[in-house]
Amino acid sequence: MHVGGRLRRPAFLAALLTLLVLLGSAPPAAAHAALSGTDPRDGTVLKTAPRQLTLSFTESVGLLDGSVRLFGPDNRRVRLDEARHAPDGDDTVRVTLPDGLRSGTYTVAWRVVSADSHPVSGAFTFSIGERSRTAALPDTGPPEHPATKALHTLARHLAYLAVALLLGTAAFVTVCRPPDT
């Protein structure tokens, strides 16, 4: 690679090294938040009603209206206070339970927003006194809107295109630039 009698190899190697550093230091692919633990634990049979529900996630989550819903043994919704983040971080959600929960199996349905802006939902059960028959799992909320999914995919592809364009332009300028600018 001689241009005008000067060797351009150091500039090319510097661009290649920069590209490798950028690609090697890329963060891992963003995964959605996952439920890492609950208190009470899924399937637990308790002697007395708990005072609160605690849900722990693998990353910070955002809360929605009705993020945590409780359904009693008769599959009717139990009125709860709004869920809040625990004082120790945005990856833990707590909600206070009302007094007077009766014996039987309760279903907790949850829906939160992952740090990557995707809604994540699920459900678990716990029992007070003894297990009871439970009805079908309640709906955990509407699915992700198709327009939201399409816009997220478009934004991700545009970001990849922008990075490719930036790196390609830098490599072109480094390798093909005339010696006298």
Checklist entry - Condition test on T140, is it touching a Gly at 6+ places or on another chain (Cβ under 8 Å), at pLDDT below 85 and on the phi < 0 side of the Ramachandran plot? => result yes
Item to check | Matching strands (runs of 3 or more DSSP E) fully within region 44-124 where at least 2 residues are out of contact with any Phe, Trp or Tyr (no Cβ under 9 Å at 6 or more places or on another chain) and farther than 30 Å from T153 by Cβ | outcome: 52-57, 84-86, 89-96
Checklist entry - Of the residues R69, R51, R79, R41, which is modelled with pLDDT of 90 or more, out of contact with any strand residue (DSSP E or B) (no Cβ under 8 Å at 6 or more places or on another chain) and within 29 Å of S132 (Cβ to Cβ)? => result R79
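The values are calculated or read from the model by the stated rules, or taken from the named source; none is laboratory data. What you are looking at is a predicted structure, and each value in this text was computed from that prediction instead of being measured. Virtual Cβ from ideal backbone geometry, glycine too; neighbours counted across all protein chains shown.
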